[in-house]
Amino acid sequence: MNNTTYTLKDVGCYADSARGIYTIDKIVDFAESHGFELKDDDPQNPLPESLSDYEFAGDIEDDVDEYMNAKYGVEGAYWGRSEQGDWGLWTTDED
């Protein structure tokens, strides 16, 4: 498991949206390097090699966001998508 601690100095993109539909693969790889475990709940319908084709990729991304915010959360920031579609650690707007 990754023992990294994040701060507001680490805000930025960790998986850019230029990857298109394959961004989810990079997001999951990053989270797995931090201890996230992707569970394959249906042995009759295994996860594809690329999650981009998986109908529940959005649900998996939500699980990653929840995990990263719970385990590696930073006050004043969140793990998730930016308005531009990139995934990473972003400051929360207090406007």
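The values are calculated or read from the model by the stated rules, or taken from the named source; none is laboratory data. As the structure is a prediction and not an experimental result, all values here were calculated from the model. Backbone-built Cβ (ideal geometry, glycine too); neighbour counts: all protein chains shown.
Which residues, taken from the range 1-10, are in a loop (DSSP other than H, G, I, E, B), modelled with pLDDT of 95 or more and out of contact with any Phe, Trp or Tyr (no Cβ under 6 Å at 6 or more places or on another chain)? Correct list: Thr7 only. When the range 66-95 is filtered for residues that are loosely packed, with under 15 Cβ neighbours inside 10 Å, acidic (Asp, Glu) and part of a loop (DSSP other than H, G, I, E, B), the ones remaining, listed by number, are Glu75, Glu83, Asp93, Glu94, Asp95.
Which residue is modelled with the lowest pLDDT, if the candidates are limited to the range 17-37 and must be of a type in the set (A, V, I, L, M, F, W, C) and assigned to a helix (DSSP H, G or I)? Looking at the filtered set, the residue picked out is Ile21.
Looking at Asp63, Asp40 in this structure, which one is surrounded by 10 or more Cβ atoms within 10 Å (Cβ to Cβ) and either farther than 24 Å from Tyr6 by Cα or at pLDDT below 95 (or both)? Can you show your working first?
Numbers: Asp40 fails: surrounded by 10 or more Cβ atoms within 10 Å (Cβ to Cβ).
Being surrounded by 10 or more Cβ atoms within 10 Å (Cβ to Cβ) and either farther than 24 Å from Tyr6 by Cα or at pLDDT below 95 (or both) holds for just one of Asp63, Asp40, which is Asp63.
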